[in-house]
């Protein structure tokens, strides 16, 4: 209010001195009211001005309109615009633009467009500033269609756009990741003789934030050269553009251009390139750019080394990961849990239990806290090596260290039990898992059933087949195949057949049993001297398009021959041919690890590896305690 009080004081001093205030005197007071957002006081002075014989001009009315718009009352502003016209004072561009600007800034784009149209109908030519108010609104909302329509209208009415206009338009394209549209606007600027500035190009670069259009990036560079605008830090976005397109040469070229032009490349630029090389599997180039980053004097963060560690870990190059790890220690960079976990997981996937254990012990001795993924990776490595005692020792250690085991951890221990045929111990770990409200999965069930199978404890395997659905786990093809295989090894074809029938019934309309199950049951019956049941299951398999192996046919032919049923033996023998799978009997009788069980093992291993990057998800606990 200071300005208003001062202006009012001087106006009264004029009157006391006998000098009649003129329009300019009153307009100064009105502008002071507008600047102070006191629209009511501005109205009072306008009324007082008229009563004292000074007729307000457009500038005076515009000050009142501006005051009301600042207060957010567009309806009152419109009232004074109409009042102005009714008193014979022609509204100006500013009269309308003030209302358009307020509506546009409050998000009422329809209202702003209506007033622009009303302005044109009143015969008042809008200028570039008026249009820019709407372009600013489109820029915020990202409404590309309306922005393009208004720009076309602007050109048709002969209004010359300025740099601000184009920059706002480019921003609308950028918000939509419309790279080509942004480049086209830069080209139009050049054609209109309007100089693109740093803002123009940096705004256009935003369009590349999710793009992989490297050709468009090159076009942008040419436009920058024509405008004599040098590269700056914003150009890092274009390195990422090339990286997304897996154009490593392009990404490196952009960084080299920036260095050549004296642009100071920051950690973000180097990290973008290091990450791109790492993601592309080019560890050598990633290490090269890490060297360049260190040489530039930049402090390399733990996360940057982590990018490289993860890339090398994926390649399974343990020695190289260890060298990077040593490099971090030399640079006195704090090694985080993710880096340790990547190294431990790499050793585990390679089956190098001693190395995995060594790094976990080193992690435990450091300030870095080991998590569930750290322990689970080592336990997984022990399971792969069938070292049950070691696996159990580590799960006990993690619980002592206050790190709760998750479903992945328990699956690994139970898998170790399965590999060693320790059904009772597998059962013990499952019961412990359930007691901790951790929901078992199908991998858990399959490992337990496999443990029972290897221990030749079919009764226990069957009991868990019936029990697992109560824990929310339904048996799958691998579960059934494992039990069927155990029954065939025990030379109990009738029991194997029962489970195959159960399997067919449960999977009806969803899937069909594997070839392994049909062939196992058929061979079991043939070896038991019942070729009719064997032929029944092989015929069933053929009718369903399930592969019948030459080993199964050979076993059946032998059974028919022993039963002196030569005609049937010849019929089945004729079915063997060059296209038939030539699997030997011993291979067919091998454990499920050679067929369906191998699929479970691979899935379990992938599941374990996932725990390194997403330990929280893998550790989901059941909401109900048994």
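The values are calculated or read from the model by the stated rules, or taken from the named source; none is laboratory data. Fair warning: this is a prediction, and the values are worked out from it, not measured in the lab. Glycine also receives a Cβ, built like all others from the backbone with ideal geometry; neighbour counts cover every protein chain displayed.
Does residue 360 satisfy being crowded, with 19+ Cβ neighbours inside 10 Å and either within 30 Å of residue 419 (Cα to Cα) or touching a residue at least 12 places away in the same chain (Cβ under 8 Å) (or both)? Here the answer is yes, as residue 360 does meet what is asked.
Out of the residues in segment 82-105 that are touching a helix residue (DSSP H, G or I) at 6+ places or on another chain (Cβ under 8 Å) and not in a helix (DSSP H, G or I), state the one that is surrounded by the fewest Cβ atoms within 10 Å (Cβ to Cβ). Taking the candidates together, the pick is 90.
Residue-level analysis places residue 313 among those that are crowded, with 16+ Cβ neighbours inside 10 Å, farther than 22 Å from residue 179 by Cβ and within 28 Å of the chain's Cα centre (by Cα). In summary, residue 20 fulfils each of the numbered conditions (1) surrounded by fewer than 13 Cβ atoms within 10 Å (Cβ to Cβ); (2) modelled with pLDDT of 75 or more; (3) over 59 Å from the mean Cα position of the chain (by Cα) with the single exception of condition (2).
Every test in (1) modelled with pLDDT of 90 or more; (2) surrounded by fewer than 23 Cβ atoms within 10 Å (Cβ to Cβ) is passed by residue 526 save one, and that test is (2). Assess whether residue 239 counts as being assigned to a helix (DSSP H, G or I), within 30 Å of residue 280 (Cα to Cα) and within 25 Å of the chain's Cα centre (by Cα). Yes.
When you scan segment 189-199, how many residues do you find that are part of a loop (DSSP other than H, G, I, E, B), surrounded by fewer than 21 Cβ atoms within 10 Å (Cβ to Cβ) and in contact (Cβ under 8 Å) with a residue 24 or more places away in the chain? Number of matching residues: 4. Checked against (1) within 48 Å of the chain's Cα centre (by Cα); (2) loosely packed, with under 15 Cβ neighbours inside 10 Å, residue 123 passes all but a single condition, namely (1). Across segment 144-188, the number of residues qualifying as assigned to a helix (DSSP H, G or I), under 30 Å from the mean Cα position of the chain (by Cα), surrounded by fewer than 23 Cβ atoms within 10 Å (Cβ to Cβ) and in contact (Cβ under 8 Å) with a residue 12 or more places away in the chain comes to 5. Remark: residue 309 falls outside the filter, which requires a residue to be assigned to a loop (DSSP other than H, G, I, E, B) and modelled with pLDDT under 85.
Would you confirm whether any residue within segment 53-63 is within 30 Å of residue 149 (Cβ to Cβ), surrounded by 20 or more Cβ atoms within 10 Å (Cβ to Cβ) and touching a helix residue (DSSP H, G or I) at 6+ places or on another chain (Cβ under 8 Å)? So far as segment 53-63 goes, yes, one or more of its residues are within 30 Å of residue 149 (Cβ to Cβ), surrounded by 20 or more Cβ atoms within 10 Å (Cβ to Cβ) and touching a helix residue (DSSP H, G or I) at 6+ places or on another chain (Cβ under 8 Å). Count, please, the residues in segment 256-282 that happen to be outside any loop (DSSP other than H, G, I, E, B) and more than 26 Å from the chain's Cα centre (by Cα). So the answer is 5.
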